[in-house]
Amino acid sequence: MAWFDQPGEIRTLTAFFAANGARAQDFGRRVYQTFEASTFAKVIRWYQRAGWKTQILNPLIAGKRRFRLKYNTKGNPKNFTYVRCIKGGSSVQIRHQIRVELFHNRSKGKRVPRANVVCDVAVVRDGFYDHLRGNMHVYKDDLITFAEAKHMDAYAELVAGFIGLVHELQPKRLSARRAAKVGAYTGHPPPFLNLSGVCMGSAEGVKATIRRRRLNINVFDSKSPF
């Protein structure tokens, strides 16, 4: 069973967001929700340390701007907190639990269901997303990178499933020699699976194949954190 210090992490998150100008108190009642919030904050820190200026933008709730993270797949993006990152002439957004179009989606204009998934944390091109409702998604070309947060120890199938998710969202990340580092992906962290626990033996084996194949993705756990 993965161990995660929820009370300690809530104190750390409260201090982090306070230092960044946000009065934040709700980091989830369940442990997995707090771990998602922790992963969200770590992505923000990554951009800060890479020289990006970050701005926390809160939704308007009952006439006041309030910090509010999105702990499930329901709800419209405009009702939740996100972060804008600016560096030079570039700007991106860090979003929590946002729906993203799959690379192979071809449902536009046809009477078939949209092919999309909800990413725990996603970095998308800066733009207007308040119009999104229900199963509407961010377009695939607007996705820059993403992270999945799992409060658990990892087995081989979980890591393999993450590789499959990358294939559905950004298949070029799986090209040999990490060729996807060039172009739009440069200057951003590769997609990663973040675990509160550890990789079990077979999962470590799958991680070894990721390194050997030089795929443009990462897997982090409590022994090798993001």
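Tabulated data
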quantity	calculated
Residue 55/residue 152 FRET efficiency (R0 35 Å; Cβ-Cβ; nearest 0.05)	0.60
Long-range amide H partners of residue 146 with built H, under 5 Å	123, 192
Additional length obtainable on full extension of the chain from residue 222 to residue 111, 0.36 nm per residue less Cα span	35.5 nm
Dipole magnitude of the range 6-220, debye to nearest 20 (Cβ charges: Lys/Arg +1, Asp/Glu -1, about Cα centre)	520 debye
Listed candidates (1) 1.00; (2) 1.17; (3) 1.06 - label of the one calculated as Cα Rg over 2.2 N^0.38 Å	(1)
Neighbour-count ranking [beta-carbon atoms within 10 angstrom, fewest first] of 196, 175	175, 196
Max mean-square fluctuation residue, GNM over the chain, Cα-Cα springs under 10 Å, options 41, 19, 147	19
Rough spin-label spacing in nm, given labels placed 7 Å along Cα→Cβ, for residue 175 and residue 15	4.3 nm
Set 172/207; 140/223; 42/140; 42/207 screened for pairs whose C-alpha atoms are more than 26 Å apart	140/223
Segment residue 45-residue 141, length gained on full extension (0.36 nm per residue, minus Cα span)	32.1 nm
FRET efficiency estimate (nearest 0.05) - Cβ-Cβ, residue 128 to residue 87, R0 22 angstrom	0.60
For residue 154, residues with placed amide H under 5 Å, excluding near neighbours	198, 199, 200
Gain on full stretching of the segment that runs from residue 212 to residue 62 - 0.36 nm per residue minus C-alpha separation	48.8 nm
Fewest-first ranking of 188, 96, using other Cβ atoms within 10 Å as the exposure measure	188, 96
Fewest-first ranking of 172, 53, using other Cβ atoms within 10 Å as the exposure measure	53, 172
Net +/- balance of residues flanking residue 92 in space, Cβ distance below 12 Å, scoring K and R +1, D and E -1	+3
Contact order normalised by residue count of the chain, Cα under 8 Å, 6+ apart, percent	17 percent
Whole-angstrom gap from the range 110-137 to the range 31-90, using each part's C-alpha centre	16 Å
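We did not get these values from a lab; they are worked out from the coordinates using the rules stated. Since the structure is predicted, the reported quantities are computational estimates derived from the model, not experimental observations. Neighbour counts are summed over all protein chains in view; Cβ atoms, including those assigned to glycine, are modelled from backbone coordinates with ideal geometry.
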